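Just so it is clear, none of the values below were taken in a lab; they were calculated from the coordinates. Just so we're clear, the structure is a prediction, and the values are computed from it rather than from any experiment. Positions of Cβ are generated from backbone atoms using ideal geometry, with glycine treated the same way; all protein chains shown enter the neighbour counts.
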Ligand code: SF4
């Protein structure tokens, strides 16, 4: 059997899928000067291949089938498996229609297909609900999948084959879209799936329970990458990589014991990091961390089931990362149900004060299948599912209008990135007199933004 795997390049803005927003994906359409720059840089440098597709490639190949991969073109095949998203589902279903008209059986996989199968059912021969590996294994072993097919989560993740990046080729390229950060991506790796936390807005925890791979199995995969590619850059896509401190310590020990030359970045919560752990992980190859701060307001966080982290701990971890040269990327969310103008302004102030290397701001999105979705369902006015993209207001907020949310989002990016100290930090300028001048310039820049904000919205985005 010839299996076509389709991770379609999204249309209209910068579309990211796979593990982004748990698999629903996101679409950034530039909405300000700063977001245009962010859009350009992300498009140019951060373009990860799909780890889900690489797993399915490995399973199909292991079962003796031919694997073809596409990002947009129509290919000959017996069956096509399409990675679904919410933000680009119309494009994906249109592609599926064309493949079916050529006699190819088409199935959808991924979080969007699992939670919103009705969006895909009329354009597919089958829709896989759940993590796809178990159902795809049945397909590869001869079962004819049809309609809505449940796929049980793999409880022992060590039993899965390693992702086959070599099979995700486009037009005979040796590898597709895989390069070395910071010049264009890296190898995504899942050392665990799901998340044991309870944030009610989070789509990462709604497909299956939290499971982890053994340290030996993860490092075996790293070793294979290190043997195949020179000093590979690995991006752990686990939502909470450092959930178990002991496991991370054992992982670092194992990398060093095997003498692997790898560099990696992880996503986590800052309360799962400390100075000693950072030292150890840095020695093993840690070069960047991404972490959710979400909001500075404990009330806003508690109402969505998220445990706040003390500010002093933020400062300590970020300062130590800076000392070690570890890049920090903080995620913030604007528009929690308990948010108002002041709490969002305080969050933006906090982001600037913490001064991570990068900051990403998004608007709270009630993703289908999350407890938050149920909570605010009656207030959702957006009927186009593709607008559930992380940047578009979709429900009537109790304290902020859609215009205010959009304005605050734009102001967050402008205030964070368009300040003299941001550039000075990037350039690692330490000279005391220059830093004093930069601080004065920051104050002037902030005052200028305040004047503009008051002109436009009658109030300033600062506390
Ligand atoms: S800690 Fe992060 S990944 Fe886990 S449930 Fe909360 S937001 Fe989701």
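Taking a ≥ b ≥ c as the square roots of the eigenvalues of the Cα gyration tensor of the range 1-173, is the shape rounded (a/c under 1.5), prolate (a/b larger than b/c) or oblate?
Judged from the Cα gyration tensor, the range 1-173 comes out prolate (a/c at least 1.5, a/b above b/c).
Largest first and in whole Å, what are the equivalent-ellipsoid semi-axes of the range 179-371 based on the Cα gyration tensor, each being the root of 5 times an eigenvalue?
Values: eigenvalues 176, 70, 43 Å².
Equivalent-ellipsoid dimensions as semi-axes: 30, 19, 15 Å.
Rounded to the nearest 5, what % of DSSP beta bridges with both residues in the chain are antiparallel?
Details: 6 of 49 bridges.
Roughly 10 percent of the DSSP beta bridges within the chain come out antiparallel.
Normalized C-alpha radius of gyration of the range 343-453, against 2.2 N^0.38 Å? Walk me through the numbers before you get to the answer.
Values: Rg = 17.6 Å, N = 111, 2.2 N^0.38 = 13.2 Å.
This ratio for the range 343-453 stands at 1.33.
For 95, 385, 437, 165, which order do you get if you count the other beta carbons within 10 Å of each Cβ and list the fewest first?
Working: 95 21, 385 18, 437 14, 165 24.
Ordered from fewest to most neighbouring Cβ atoms within 10 Å, 95, 385, 437, 165 come out as 437, 385, 95, 165.
Among DSSP beta bridges lying fully in the range 1-173, give the percent that are antiparallel, nearest 5.
Working: 3 of 23 bridges.
So the antiparallel bridges in the range 1-173 amount to around 15 percent.
What number, in percent, do you get for the relative contact order of the chain if the mean sequence gap of Cα pairs under 8 Å and at least 6 apart is divided by its residue count?
Numbers: 877 pairs, mean separation 57.6, N = 463.
With pairs under 8 Å counted, the relative contact order is 12 percent.
Please give the Cα centre distance for the range 61-126 versus the range 196-231, rounded to the nearest Å.
Between the Cα centre of the range 61-126 and that of the range 196-231, the gap is 25 Å.
Which whole-number value in Å³ per residue fits the convex hull of the alpha carbons of the chain? If you can, show how the numbers build up before the last one.
Values: hull volume 63.9 nm³, N = 463.
Output value, Cα hull per residue: 138 Å³.
Using a Förster distance of 30 Å, how high is the FRET efficiency between residue 455 and residue 90, based on the Cβ-Cβ distance and rounded to 0.05? Don't jump to the answer; show the numbers that get you there.
On the way: r = 39 Å, r/R0 = 1.28.
Taking R0 as 30 Å, the efficiency between residue 455 and residue 90 is 0.20.
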